[in-house]
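These notes are about the structure you will find just below.
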Amino acid sequence: MEIQKFYYDNKIVRQFIWATIVWGVVGIIVGLLIALQLAFPVFNLDLSLTSFGRMRPLHTNAIIFAFVGNAIFAGVYYSLQKLLKTRMFNDTLSAINFWGWQLIILLAALSLTLGFTTGKEYAELEWPIDILIAIVWIVFGWNMIGTILVRRVKHIYAAIWWYLATFLGIAMLHVVNSFELPISLFKSYSIYAGAQDAVVQWWYGHNAVAFFLTTPFLGLMYYYLPKAVNRPIYSYKLSIIHFWSLIFLYMWAGPHHLLYQSLPEWAQALGTTFSVMLIAPSWGGMINGFLTLRGAWDKVRDSAALKFFVVALTAYGMATFEGPMMSLKNVNSITHFTDWTIAHVHIAGMGWNGGLTFGMLYWLIPVLFKTKLYSQKLANTHFWIATLAILLYAIPLYWSAVTQWLMWREYTPEGFLAYPNFMETLTQILPMYSIRIIGGTLFLIGFLLMVYNLVKTMTSGVCVANEAAEAPALEKLGPLNPRTETVHRWLERKGIQFSIVAFVVLAIGGAVQIIPMIFIKSNVPTLKTVTPYTPLELAGRDIYIREGCYTCHSQMVRPFRWETDRYGEYSKIGEFVYDHPYQWGSRRTGPDLGRAGNPVGPMYKNTSWHFNHFMDPQKMNEKSIMPKYAWLMVRGIDTSVIPRKIRAMQTLGVPYAEGYDAKALTDMEAQAKKIAEELKTAGIEVKPDREIIAIIAYIHKLGRDISPAAVPAPAATEKSNK
């Protein structure tokens, strides 16, 4: 048998490790900042660049794509070479993957801080960066599949199944959700609207969690846990069941984020049904991991890496039980729009993703640098600090969520809301926000201890950039022989066929949900009273999205008595047909704004109230945690793009009259002057071309079209809705 010599590429692994460490520190610091901002609004610094609405998406993107993303690449590039007994397919592709990903992160940080955002959770980046993400992701997949094709082992190990599913799943999700119509280098509109956009976004959003935060980490678990404990994974058969059932079921579960909302019942039912079924494969994977540790608990006691793997598996089990439970309608009515969701995602992020990454780094770096871990004692200290931090972070938020839900729905004996003012609820949960800061601070301290420990480890050893290795050449692979192998064993040695089958399994769930929502009109009935946004309202909506107002406010009144009494008439699916993108939100740190423009509704406030509220929220209510938006008074509306925005909306199907783009600015000026005059009567002098005028116009549009007493806004359509 021919023995072939080759070299492992350790340089690329080392680069991704350093990126993981650096971006991890940045992401956690930004997370701590926004935790401080929620408890103490002074930490917004009264600056647009550092306000919560911009920092929150920066934090989520930094953790998900910078910290976790680089950890995935580090783990994959090391394990893939070892499992396939070959160097990565192409060094140039590896370099493009690394430097391209770091460029994406830098562009994301810059653009989000400057307010360039699509306003879609976990998909906020604008279209040029979306294209760059697609290119770099394809390079990663090309390099991975190429490596599989030139391997020196017959069968593709279980970890690699998950890596392939990750590549295919994220490629599919990113491309479909990122269809947008650009109007400039920094601004685009989603081609989907309202409920259609919501379905596509949460098909993406839920499965971004599945295929970026779960499947690659399951692959890492299948490689690094057996390596760290020095024994094979417990069950090969269970790994097969775990893989195929999970990647099939996950793609159906997105609509459980939209229960009791303006979505067809069949879509909500699909989301709930498949979410509940996800418990089985998820727990199958957790059990497979835990049983791999059977009889090795003495090793766990002494190894910080194994301790972190145990925490990761525990957090994975908790999160994958909690998620399906939250998809049950009676439970969802409690948890949705509350801090329960925030606690849930941080249990998964800090425990599952953080724990597995920490365990992987504590095992991998000594191996890669051919030395011992600098301090096992420091690593164990990090473990206990991080575990305590997770508890101090999550438990107060669960408490906060229950408090919110109980107060929102409480009635007096006379049948009135006991706490009609949203601020009464917020005041009660502020102490929990303060405790959360302690948890975040401890997590950062533990992370910095790890950084010190790992840097000392790396400096005490040597990483051989090109590590010499040898292995037998791969013998020719023949067709399936039913007498000696199963269909799955045959599929494991056919990388292309395996990828094709996985792609089909992944695509089914999304196709069943998205295609009917887009092409069957009866799924999105229209309302004759709903009119498109005026040019001023459209400009105000873009400012609302730019400032990240959707991170705290929802625009979705659910059909519960306590919501309709507090906010007004429940939301209808036809209200949102001109919303590119939709703005239903996912949490309520502030009240729902879906009926804020309804002049006969309980949420309506006049123009002067909104002006004062934006300029100084604490002046209106000293307990408010909303940032100040004084720059809206200074900045002028960018009128140069208004005609382009109107034409873009027309392209997307919004029924503005033909040629309306030519007179849009005239209508915009007239409406702006009217609002400025209203403010002047209240003693407030504002130029009509200021951004504050536009955002007030937008808020006064919300819910106005379903109010029978509403005064129609300036006409912008031929015949409204034909």
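Any read-out appearing in this document is the output of simple, stated calculations on the displayed coordinates, not a laboratory observation. Here the structure is a predicted model, which means the values were calculated and not measured. Virtual Cβ from ideal backbone geometry, glycine too; neighbours counted across all protein chains shown.
So here's what we get for this one:
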| read-out | value |
| --- | --- |
| Distance in nm between pseudo-label sites at Met615 and Thr459 (7 Å out along the Cβ direction from Cα) | 5.4 |
| For Tyr316, Tyr411, Tyr570, order by how many other beta-carbon atoms lie within 10 Å, fewest first | Tyr411, Tyr570, Tyr316 |
| Relative contact order [Cα under 8 Å, 6+ residues apart], segment 7-156, whole percent | 30 |
| DSSP-defined antiparallel bridges as percent of all bridges, the chain, nearest 5 | 95 |
| Dipole in debye (nearest 20) - the chain, about Cα centre, beta carbon charges: Lys, Arg +1; Asp, Glu -1 | 1900 |
| Above-threshold pairs, the threshold being 22 Å between Cα atoms, out of Lys605/Lys663; Lys237/Lys307; Lys11/Lys377; Lys521/Lys572; Lys85/Lys154; Lys85/Lys494 | Lys605/Lys663; Lys237/Lys307; Lys11/Lys377 |
| Answer label for Cα extents along the principal axes in Å (calculated), chosen among (i) 161, 62, 53; (ii) 71, 58, 52; (iii) 89, 50, 47 | (iii) |
| Amide H contacts under 5 Å for Val557, placed H, 5+ residues apart | Ser571 |
| Computed lengthening from Arg644 to Val25, 0.36 nm per intervening residue step minus Cα-Cα distance | 218.8 nm |
| Sparsely packed chymotrypsin sites (Phe, Trp or Tyr not before Pro) within segment 118-197, loop by DSSP, other Cβ within 10 Å at most 16 | Phe179, Phe186 |
| Charge dipole (the chain, unit charges on Cβ, about Cα centre) - positive-most of Leu103, Asn288, Val200 | Asn288 |
| Over segment 506-645, volume per residue of the alpha carbon convex hull, in Å³ | 170 |
| Net dipole in debye of segment 7-156 [+1 Lys, Arg Cβ; -1 Asp, Glu Cβ; about Cα centre; nearest 20] | 840 |
| Calculated FRET value between Asn90 and Val367, using beta carbons and R₀ = 30 Å, to 0.05 | 0.80 |
| Rel. contact order, % - alpha carbon contacts under 8 angstrom, at least six apart, the chain | 17 |
| Of the chymotrypsin sites (Phe, Trp or Tyr not before Pro) in segment 343-394, those whose Cβ has at most 10 other Cβ within 10 Å and which sit in DSSP loop | none |
| Kirkwood-based shape ratio for segment 7-156, expressed as Rg/Rh from alpha carbons | 1.07 |
| Extreme residue, positive dipole direction of segment 7-156, given options Val136, Met55, Ala74 (C-beta unit charges) | Ala74 |
| Theoretical FRET efficiency, 1/(1+(r/R0)^6), r = Cβ-Cβ of Arg483 and Arg152, R0 25 Å, to 0.05 | 0.45 |
| Spin-label zone in segment 453-479 - amide nitrogen under 18 Å from a point set 7 Å from the Cα of Ile500 along the C-beta vector | 477-479 |
| Gyration tensor verdict on segment 426-557 (Cα atoms; rounded if a/c is under 1.5, prolate if a/b is larger than b/c, oblate otherwise) | oblate |
| Acute angle (nearest 10 degrees) that the helix 215-229 long axis makes with the longest principal axis of the chain, alpha-carbon atoms | 40 |
| Among Val22, Leu454, Gly323 the positive-end extreme of the charge dipole of the chain (Cβ point charges) | Leu454 |
| Under 15 Å, Cβ to Cβ, from Gly100 - net charge with Lys/Arg +1 and Asp/Glu -1 | -2 |
| For Glu180, residues with placed amide H under 5 Å, excluding near neighbours | Ile191 |
| Segment 181-288 shape via C-alpha gyration tensor axes, a/c threshold 1.5 | oblate |
